[in-house]
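Asker: Once you've had a glance at the structure underneath, I'll fire off some questions.
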Amino acid sequence: MQVPSDLRYTENDEWIRVDGDQAEVGVTDYAQDQLSDVVYVEISVEKGDEVKKGAAFGTIESVKAASDVYLPVSGKVTAVNDILEDTPELINDDPYGEAWLLKIEIVNAAELEDLMDHSAYQEYRSE
């Protein structure tokens, strides 16, 4: 299981990569492994939308199951990864790279403190 050290993680297996007040959000290697072969990605928010921490913003479907995806922090959507509509398998191939789901402008940086760092997430998933 890959767990990059430069990310923060949720208990629902989302990751966030922060750069100032901007961030990318995606799902972890653990999540894509549990889902198995991803066949469909639906993102239910659009660029410009105000989003709240903990709200579902999309669904990832695989041959095994469908899973909602939740926001790790509140913010304003600055980009949606549209290439996942045509190539959902990127989530299996590159969960921490090309398969990011959203980019957001963070409105409350204090919410990042509620997220796990890479070592806490590894420990959480090893239980």
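Asker: Before anything else, pin down the relative contact order of the chain: Cα pairs under 8 Å, at least 6 apart, normalised by residue count, whole percent. Display every interim value, and only then the final one.
Answerer: Values: 275 pairs, mean separation 39.9, N = 127.
It comes to 31 percent, rounded to a whole number.
Asker: Using helices alone, I'd like the mean residue ellipticity at 222 nm for the chain: each DSSP H run of four-plus residues gives -39500 (n - 2.57), total over residue count, nearest 500.
Answerer: On the way: 4 runs with 24 residues, N = 127.
Calculated at 222 nm, the ellipticity per residue is -4500 deg cm²/dmol.
Asker: Now for a different question. Can you give the charge dipole size of segment 9-127 about its Cα centre, rounded to the nearest 20 debye, using +1 on the beta carbon of Lys and Arg and -1 on the beta carbon of Asp and Glu?
Answerer: In total the dipole reaches around 260 debye.
Asker: Straight-line reach from residue 52: which lysines fall under 27 Å, measuring Cα to Cα and dropping same-chain residues less than 8 apart?
Answerer: 76, 103
Asker: Something else about it: Give the carbon-plus-sulfur fraction of the accessible surface of the chain in %, rounded to a whole number; probe 1.4 Å, heavy atoms of protein chains only.
Answerer: Of all accessible area on the chain, carbon and sulfur atoms account for 40 percent.
Asker: Given a 1.4 Å probe, how much area per residue of the chain is accessible, in Å²?
Answerer: I get 52 Å² per residue for this part.
Asker: Any idea which of 73, 87, 101 is furthest toward the positive side of the dipole for segment 37-101, if Lys and Arg beta-carbons carry +1 and Asp and Glu beta-carbons -1?
Answerer: 73
Asker: Sort 100, 15 by heavy-atom solvent-accessible area, probe 1.4 angstrom, most to least.
Answerer: 100, 15
Asker: Check which residues have an amide H placed less than 5 Å from residue 73's amide H, if you skip close sequence neighbours.
Answerer: Residues meeting the criterion, in which the H sits 1.01 Å from N, are 54.
Asker: Taking only C-alpha pairs under 8 Å that are 6+ residues apart, what is the relative contact order of segment 76-127 in percent?
Answerer: 42
Asker: How much accessible surface area, in Å² rounded to 10, belongs to the heavy atoms of residue 24 with a 1.4 Å probe?
Answerer: 40
Asker: Order 116, 1, most accessible first, counting only protein heavy atoms with a 1.4 angstrom probe. Write down the numbers at each step before the final one.
Answerer: Values: 116 30, 1 115 Å².
From most accessible down to least: 1, 116.
The values are calculated or read from the model by the stated rules, or taken from the named source; none is laboratory data. What you see is a predicted model; the values in this text were computed from it and never measured. Every residue, glycine as well, gets a Cβ built from its backbone with ideal geometry; the counts of neighbours run over all protein chains shown. Ligands, DNA and RNA are stripped out before the accessible areas are found, and what is left, the full protein with its side chains, is counted by its heavy atoms. Shrake-Rupley method; radii C 1.70, N 1.55, O 1.52, S 1.80 Å.
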